[in-house]
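The numbers here are math on the coordinates, done by the rules we state, and not lab data. In this text, all values refer to a predicted model and were calculated from it rather than measured experimentally. Reconstructed Cβ throughout: ideal geometry from the backbone, glycine too, with neighbour counts over all protein chains shown.
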Amino acid sequence: MNAAVMPMRVRSLTTSADTRLLAPEPLDHQPHCAVYGGLPQIDGERLVAAVEHAGLSGQGGAAFPTHRKMTAVREAARRSGRRPVVVANGSEGEPASAKDKALLWFAPHLVLDGVALAAAAVGAQRAFLAVEAGHGLGRYLAEVGRQRPTAGPAGSVAAWSAPVTVVEVPSRFLSGQESALVSFLDGGPALPRFQVRPVFERGVRGGPTLVQNVETLAHLALIARHGPAWYRSGAGTSLFTVRYADGSPTVVEAALGTSLAQLTGAGAAAGQAVLVGGYHGTWLPLASGARPGAGSDASWGAGCRANSGAGSGTRDAVTPDTAISAESLGVPLGAGLLALLPHDRCGLIETASILRYLTLESAGQCGPCLNGLPRMAAAFAELAHPTSGSDIGRLHADLSRWAGLITGRGACRHPDGSARLARSALATFAAEVQAHSYGRCSAPIRPPMLPTAPQASVPNEGP
Amino acid sequence: MADQSTTTPPSASTTTTTHRRPQRAAVDWTACQAHGGCADLLPELITPDEWGYPVIRDRPVPDEARRRARKAVSECPALALMLRR
């Protein structure tokens, strides 16, 4: 495939051709099979067992154990007598995240292998691949799909010949939410639904539905070839979207536990804070030296506003040497976003901008979210630009109370994630809040740097 | 799901609660319009928040509240309240 336009910069920290996710160039089906090997023949139950042994969990943000989802779909199918459906979720509604688009562009056959494997695992006969509209991915993937054989040796995974229907979904933050996606595939709006029964029981057309992020499916395609022990040993890689101080994004493939400095490149792991996960993620303070208690002096970036001291929460600052994993950071990796906030920016202005976006992106269906998010966004906007009459203490108290009120009280986790972001900002940027109350700010007049609109593809700028 | 083979006497209707399985109140948030009837009927379980929406305590419906809970479910104008396991 000759791609005149590559969607974004990518870097793979792994060089092994048959175990990496992101090939340097997209491969047609024959070369793909030559590099990775053909799809192995495994029956559904053994595949689920392999997924369990591998410890694979979802890469879309919720990190749910994949084997449990697959088992639940199999069980629901058995009980109801209905054929399940597989939905590969590549809709990536996070404006700041690009990893799913990168994967779909550079490794579409790995994703489609994963779809075939997942379908075999749950006994599905239909599959959908959801992608965000506006990037040409729909046409690209339909073309890729036509390269694949429509039949294989009887009884093998490759014999799963049902076509994958590629569907372009609206570029909205919630389009990829599980029930919203199912709603859209059923011909309704791409908005979350109240699910009396979970999607794995009653999803597309009311039948058992396995929804998996495209990166999860790509991992599945590698686990099927290299075995669960290979994956469990940590040899598998994860995809991250690193956003630098100048705002430019790079999708990076690296093993879990790789240090921040290795992910960003030497010298680039600098700034006052990092947003981990996505817009439902967590702000963590960033320090340039070793972590406190690691046996060496913690040195703080000059002018660093991020506060990791007592009273701001219990999390240590991230340093360039910090291993990037949920265990090491103490927070979920979410959609794999790592957005660096430089010293000359304001975390409160960024968060206010994101909260405004999240408010506008709410489905507006649920009272607590509908009421709470706009109030939180307005309060944060006031923290970002307080006037002499602003009561910072009251804003703080209101924000904490509202964060509690909107959590767990909606058809989806949009309010929960938004509350997490707001709380982490109050903790990590506590010093900035103080400064603002005295009329000072790190970056009073600059517009926010984190994107709040779908990102267009850019021409290939070279390696 | 009700296991009718073990605890229900043959003469008992399956709609009466002869077996005390714990039930919890739950809300379809996309339907709830903050009418507040559920909070009125079940004050020990449900309190309206500052916008009128129900805050439901994370505990099963106590036995003495079961009848009121079923009433609240059937009287919710938005059909938003439900009782589940």
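The mean number of partner chain beta-carbon atoms within 10 angstrom of a residue's beta-carbon across peptide B:26-35 is 6.
Dipole of region A:1-72 computed with +1 at Lys/Arg Cβ and -1 at Asp/Glu Cβ about the Cα centre; of A:VAL51, A:TYR36, A:ALA63, farthest Cα towards the positive end is A:ALA63. Applying a DSSP loop filter and a limit of 13 other Cβ atoms within 10 Å to the GluC sites (Glu not before Pro) in region B:36-85 leaves B:GLU44, B:GLU50. Among the residues of A:194-205, the average count of other protein chain beta-carbon atoms within 10 Å of the residue beta-carbon is 1.
Just tell me how shielded B:46-56 is by partners: mean number of partner chain Cβ atoms within 10 Å of each residue's Cβ, no decimals.
Working: counts 0, 0, 0, 10, 6, 8, 2, 10, 3, 5, 2.
Partner Cβ neighbours, averaged per residue: 4.
In the protein assembly as shown, the DSSP-assigned H stretches of four residues or longer account for a calculated mean residue ellipticity at 222 nm of -10000 deg cm²/dmol, using -39500 (n - 2.57) per stretch and the full residue count as denominator.
Assuming charge only on the beta carbon of Lys and Arg (+1) and of Asp and Glu (-1), the dipole of chain A about its Cα centre is about 1060 debye to the nearest 20. Separation of region A:65-131 from region B:26-85 is 36 Å, based on Cα centroids. Near A:VAL166, the amide H atoms lying under 5 Å from its own belong to A:LEU129; only residues 5 or more places off or on other chains count, and H is placed 1.01 Å from N.
Our note on the geometry: Cα centres of region A:355-426 and region A:181-234, 30 Å apart. Once region A:47-190 is represented by equal point scatterers at the alpha-carbon sites, with solvent omitted, what log10 I(q)/I(0) does the Debye formula produce at q = 0.16, 0.19, 0.21 Å⁻¹? For the requested q values the scattering log ratios are -0.91, -1.29, -1.52. Basic side chains Lys and Arg get +1 at the Cβ, acidic Asp and Glu get -1 at the Cβ, and with that the dipole of region A:345-463 about its Cα centre reaches some 220 debye. Rounded to two decimals, the Cα radius of gyration of the protein assembly as shown over 2.2 N^0.38 Å is 1.03.
Normalised by the number of residues in region A:1-80, the average gap of Cα pairs under 8 Å and 6 or more apart makes the relative contact order 17 percent. Remark: relative contact order (region A:187-290) = 12 percent; criterion is Cα-Cα distance under 8 angstrom and separation of 6 or more residues.
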